[in-house]
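Working notes for the structure below.
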Amino acid sequence: MPPPALAIRGPRSLLRQIREAMAGGGPTQAKLGAVVRTIAVSMVAEVCSIYLRRATGEMELFATEGLDPGAIHVTQLKPGEGLVGEIMRLGGPLNLSDAPNHPAFSYRPETGEDPFHAFLGVPLLRGGRAIGVLVVQNRTSRIYAEDDVEDLQIIAMVLAEMVAAGDLLSREELKDVEIAPRRPERLKGAKFADGLAFGVAVLHEAPVAVGRLLSDDSAAEEGRLAAAIGDLQAQIDAMLDGHEGILGASYDVLETYKMLAHSRSWNHSLQEAVHSGLTAEAAVERVRSEHRAGIGQARDPYLRERVHDLEDLNDRLLRHLSGDGGKARSLPDNAILIARNLGPADLLEYDRAKLRGLLLEEGSSASHAAIVARALDIPCVGRIAGLRDRVNEGDPVIVDAEMGEAYLRPRPDVVKAVTARMGVRAERRAEFARLRDTPAFTRDGVKITLLMNAGLAVDFDILPETGAEGIGLFRTEFQFMVSEDLPRLNAQAALYARVLDAAGDLPVTFRTLDLGGDKVLPYLEAEREDNPALGWRAVRMGLDRPALLRIQLRALIAAVAGRPLRVMFPLVASVEEFRAARALVDREIAWASRRGRPGPSRLDVGAMIEAPSLIWHLDALLPMTDFVSIGTNDLMQYLFAADRGNPRVSDRYDVLSPPALRALSTIKEACIATGTPVSVCGEIAGRPLEAFALLALGFDRLSMPPVGIGPVKQMVLSCDREAARRGLEPLLKSAAGSVRGEVEALARKLAVAL
Ligand code: PEP
Ligand code: MG
């Protein structure tokens, strides 16, 4: 016969009983005992136990009702051991009708748990991290009802907070219980943006504020929740407003996001959680962990994307609850941002002046979050496994992007050593700054033009400091990525005019919108595609929806107002595409002239070479262009069929390899033959060793992130180009997969500064 269902529906009155059980002083161990007793009685469970994690990782029985009391502080399970270990691993509930028959069950005679078959365990979650496990057991085999699971999870969440607050255990008893990681740790990752930083951790996915879990006034909390949901929905509706016509089908994806925000089940779950006695914030956390556990395991990429949407909605809702209108949080003065992954727009929402560093659990060095980090000169280490679990908000943190490492709660000697290295870096920077006005001539007298890549206002503000001779790539989509809303013609023209004003006589090459792929806009998200990098992006989107591209060209023509215009198109894959894009420019110039507006004093229209197809059609393409620029980030991803945003493949192939170098050499030769100016504007142009190889191949125009200019100039000044050319030539014929070592040896032999 199944045991009776829970005597009391909903955890609310149980939470009250727990609070009563705890009131009135007494030894803390007794309090914990009273808590498990109260839960057991109210849930009609024969056993209720609490396990907490020791700093060593072991799970220890801290209190029990129903098991042998002699097992308290005696029963310990190794990390991952037993059903308790399984719950910690899952981060979610385990509901079993016959526990002893589960493969993970670990028999402990001292507990006397033999007779109990039904088992329900849930993690004690705090800020998304499990600090222990709460278990109820009954003799008779049965699966606990969904409501029981739900109730026990809410109780566990509150208990986790009480344990952490020291309400249930004394300081002494808590001494080596791992409420939060406290020991210094050093985690390995991958360098995404060079540099060193020391500061305090700020979690991008902010945990719910401690101490605001339980509410005394559910009605008031329900009101707050309803108001915040209303604000959130209004904000999302406003984002969508008026954009239907512009990107057609891609509007649907945002519609899905909107539907989620309005989804009745999401709203209902939140209200239920508040009704059970939680604050609105705690309810959001509660429903979030449920979703994570539910669809987080899903393999379907579409479902996994929805997890991302839901996470984002939850974050926005928390921000609305905190009363700051859904905007990103303000930062302490020396913030190190910690996130699972970031979209490029996410990073830009934070105050640059206070952001010292960035640590990511996922990501890849060619993803746009990494590019934005480099553009902003924010040291960034990514792909740090388990990062979010190991760091607490406010922890001191070192980002050592030079070594691709992070130090959490570093020891004083580590802080000292890193601070010293930061000093050395500052000196090197000062040295580069001194080179600012030195023209970049190689030792054998070849002038190399060093340009910078830009896209944000901060970039062109620093143009004069870098000594760059112009902007070789202005990524216009960044303005779209930082906006809450689609930038209108006037806003676009105003930004372009500012760039041109800041550049003065220096040339600026604007690239038309390069959206799609990994550059998705919150308000104009691209349609879901199986292969976004090979999908509807860049100039393809621009030609299919000419309204967006034409408005942009119109804004550019208005901004130059009689000055020269240099514009290029991203991801051109065929000569027809270039021809059609170029025709749009002519059409807009004619349009302006019909209205008596000044056209550009000089017009240069170029193509980015990013699709390998063009390499075998340069004879047709180059005569149609005024210049070309090689986007090696994309060219390499398509050449090697390796997604630049996927860490498993993005660093698998080397640009310093015969196929890549030969492809670049072919392009350069064709440009020489047709007299077409060519530059390289991918990230490699900003790395001294790769830039050395580009010089050796004959390139003399390089456009790079601003931080690359000093080191690359130093390399140029120390390089004999002819000797480099002679040294590289045989390497192009090498049978090796990579010739990085050989290129490096060559540079060292020629005493090139790297
Ligand atoms: C490139 O692909 O190399 C490039 C410069 O463009 P983006 O990185 O913006 O795609
Ligand atoms: Mg590109």
Checklist outcome for this item: Amide H contacts under 5 Å for residue 451, restricted to residues at least 5 apart in sequence or on another chain and with H modeled in the peptide plane, are 469, 702, 703, 704
Next on the checklist: Suppose the chain between residue 78 and residue 754 were pulled fully straight at 0.36 nm per residue; how much longer would it get relative to their current alpha carbon spacing?
Outcome noted: 238.5 nm
Next on the checklist: Given a 1.4 angstrom probe, what's the average accessible area per residue across segment 470-607, in square angstrom?
Outcome noted: 40 Å²
Checklist entry - Can you work out ³J(HN,Hα) from phi for every residue in segment 396-410, in order, using Karplus 6.51 cos²θ - 1.76 cosθ + 1.60 and θ = phi - 60°, giving whole Hz and x for Gly and Pro? => result x, 9, 10, 9, 10, 6, 4, 9, x, 9, 10, 10, 9, 6, x
Checklist entry - Counting only protein heavy atoms and using a 1.4 Å probe, what share of the accessible area of the chain belongs to carbon plus sulfur, as a whole percent? => result 53 percent
Checklist entry - By average Cβ neighbour count within 10 Å, what is the ranking of 390-402, 258-270, 648-660 from highest down? => result 390-402, 648-660, 258-270
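Just the number please: accessible area per residue for segment 12-174, 1.4 Å probe, all protein chains included, in Å².
Heavy-atom accessible area per residue stands at 38 Å².
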Item to check | Net dipole in debye of segment 422-470 [+1 Lys, Arg Cβ; -1 Asp, Glu Cβ; about Cα centre; nearest 20] | outcome: 220 debye
Checklist entry - Does the chain classify as rounded, prolate or oblate by the C-alpha gyration tensor (a ≥ b ≥ c root eigenvalues; a/c under 1.5 gives rounded; else a/b over b/c gives prolate, otherwise oblate)? => result prolate
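Sort 117, 204 from largest to smallest accessible area, using a 1.4 Å probe on the heavy atoms of the protein chains.
So the residues, ranked largest to smallest area, are 117, 204.
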Next on the checklist: As I understand it, the dipole of segment 12-174 uses +1 on the Cβ of Lys and Arg and -1 on the Cβ of Asp and Glu, about the Cα centre. Which of 22, 101, 87 lies farthest toward its positive end?
Outcome noted: 22
Item to check | Anisotropy class of segment 12-174 from Cα gyration tensor, a/c 1.5 cut | outcome: rounded
Next on the checklist: Tell me the mean residue ellipticity at 222 nm calculated for the chain from its helices only (DSSP H runs of n ≥ 4, each -39500 (n - 2.57), averaged over every residue, nearest 500).
Outcome noted: -13000 deg cm²/dmol
Next on the checklist: Please state the shape class of segment 470-607: rounded when a/c is under 1.5, otherwise prolate if a/b exceeds b/c and oblate if not, all from the C-alpha gyration tensor.
Outcome noted: prolate
Next on the checklist: What lysines does residue 188 reach when the alpha-carbon gap must be under 25 Å and sequence neighbours fewer than 8 apart in one chain are set aside?
Outcome noted: 78, 354, 416
Checklist entry - Treating the beta-carbon of each Lys and Arg as +1 and of each Asp and Glu as -1, no other charges, what is the dipole magnitude of the chain about its Cα centre, to the nearest 20 debye? => result 2220 debye
Checklist entry - Once phi is turned into θ = phi - 60°, what whole-Hz ³J(HN,Hα) does the Karplus curve with 6.51, -1.76 and 1.60 give for every residue of segment 633-642, x standing for Gly and Pro? => result 4, 7, 4, 5, 5, 7, 5, 9, 6, 10
Item to check | Given charges at Cβ of Lys, Arg, Asp, Glu: the chain dipole, positive-most of 565, 38, 162 | outcome: 565
Checklist outcome for this item: Restricting to Cα pairs under 8 Å and 6 or more apart, the percent relative contact order of the chain works out to 10 percent
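The values are calculated or read from the model by the stated rules, or taken from the named source; none is laboratory data. Being a predicted model, the structure only gives us computed values, none of them experimental. Note: ideal-geometry Cβ built from the backbone for every residue, glycine included; neighbour counts use all protein chains shown. All accessible areas refer to the heavy atoms of the entire protein, side chains included, with ligands and DNA or RNA removed. Shrake-Rupley method; radii C 1.70, N 1.55, O 1.52, S 1.80 Å.
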